[in-house]
Amino acid sequence: MDAVLEKLKVGIRKFRTGVYTEHKDRYVKAASEPQKPHALIVTCADSRIDPELITQSRPGDVFVTRNVGNLVPAYGDMLGGVSAVIEYAVTALKVQHVVVCGHSDCGAMKGLLHPEALEKMPTVKNWLNNAHAALSVANSLAEDEEKPDVLLRRVTEENVLLQMQHLRTHPSVAGAMAREELTISGWVYDIGKGEVRISEDGGRVFVPVRIEGAGE
């Protein structure tokens, strides 16, 4: 018996008898109408990240693509799955906003800082070339003897900012932004704190999303 598969089946049964039953009308409606997501979220493949849960989105609300390091190759560099998702989301689905979402304790960013750890993963190492400029910027801004956790946070933020730049090189995105039909933002999700910090309006600073009544 495959123990992992059985565990997944348990989850499916809980979904079918609990979540689905409670919100059946919502799922039936989603299945009977064309999808109209309002946003595209480009985030990491890390198993601890759940963009629908973080944003409390319903089926059909957000279009999501995930990859190692939440990277967006500049247009023409690596035309493939990520580029196709962006083009489809912007051109066909007419999403109104695109998010690039990084996160704390990111293994991809750790690999960027310690490339020797990627020697047995040449494909991953090559993929992370799309983030090398972020590493260069982070290193140039780093203070002497900067603590590893501070440097990791800095690289994570710079990577999100870099991928936003790459995003703007995609013709579909550039056109929609020029027509003022699309906006973009960069997020960093802190797994342990449940906090999301956002860079918007072209800024470099990531500001925490305020909680109403929390005295922030």
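Across the stretch 73-104, the qualifying residues are those that are part of a helix (DSSP H, G or I) and under 15 Å from the mean Cα position of the chain (by Cα), and the one among them that is modelled with the lowest pLDDT is G81. Taken across the stretch 176-197, residues that are more than 15 Å from the chain's Cα centre (by Cα), of a type in the set (D, E, K, R), within 26 Å of L128 (Cα to Cα) and not in a strand (DSSP E or B) do not occur at all.
All of (1) loosely packed, with under 15 Cβ neighbours inside 10 Å; (2) modelled with pLDDT of 95 or more; (3) of a type outside the set (S, T, Y) hold for E212 with one exception: (2). How about the stretch 113-135: which of its residues are farther than 19 Å from H166 by Cβ and surrounded by 18 or more Cβ atoms within 10 Å (Cβ to Cβ)? The one that is farther than 19 Å from H166 by Cβ and surrounded by 18 or more Cβ atoms within 10 Å (Cβ to Cβ): L118.
Could you please let me know if V10 is surrounded by fewer than 14 Cβ atoms within 10 Å (Cβ to Cβ) and either under 25 Å from the mean Cα position of the chain (by Cα) or not small (G, A, S) (or both)? Yes.
From the list T43, T17, pick out the single residue that is of a type in the set (S, T, Y) and surrounded by 12 or more Cβ atoms within 10 Å (Cβ to Cβ). It would help to see each step written out before you state the result.
Values: T17 fails: surrounded by 12 or more Cβ atoms within 10 Å (Cβ to Cβ).
None of the others qualify; the one that does is T43.
N70 meets the conditions (1) closer than 28 Å to K193 by Cα; (2) in a loop (DSSP other than H, G, I, E, B); (3) free of Cβ contacts under 8 Å to residues at least 40 places away in the same chain in every case but one. The failed one is (3). If you check L161, L152 for being part of a helix (DSSP H, G or I) and touching a Ser or Thr at 6+ places or on another chain (Cβ under 7 Å), only one passes: L161.
Residues checked against (1) in contact with a Pro (Cβ under 8 Å, 6 or more places away or on another chain); (2) among the polar types (S, T, N, Q); (3) assigned by TED's automatic domain parsing to the domain that holds H170:
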residue: P73; (1), (2), (3): no, no, yes
residue: G76; (1), (2), (3): no, no, yes
residue: I86; (1), (2), (3): no, no, yes
residue: Q96; (1), (2), (3): no, yes, yes
residue: C101; (1), (2), (3): yes, no, yes
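P34 fulfils the conditions (1) farther than 27 Å from T156 by Cα; (2) surrounded by 10 or more Cβ atoms within 10 Å (Cβ to Cβ) except for a single criterion, (2). In the stretch 88-112, the residue that is surrounded by the most Cβ atoms within 10 Å (Cβ to Cβ) out of those that are of a type in the set (S, T, Y) and in contact (Cβ under 8 Å) with a residue 40 or more places away in the chain is S104.
The values are calculated or read from the model by the stated rules, or taken from the named source; none is laboratory data. Source: prediction; values computed, not measured. Don't worry about glycine lacking a Cβ; one is built from the backbone with ideal geometry, like all the others, and counts go over all protein chains shown.
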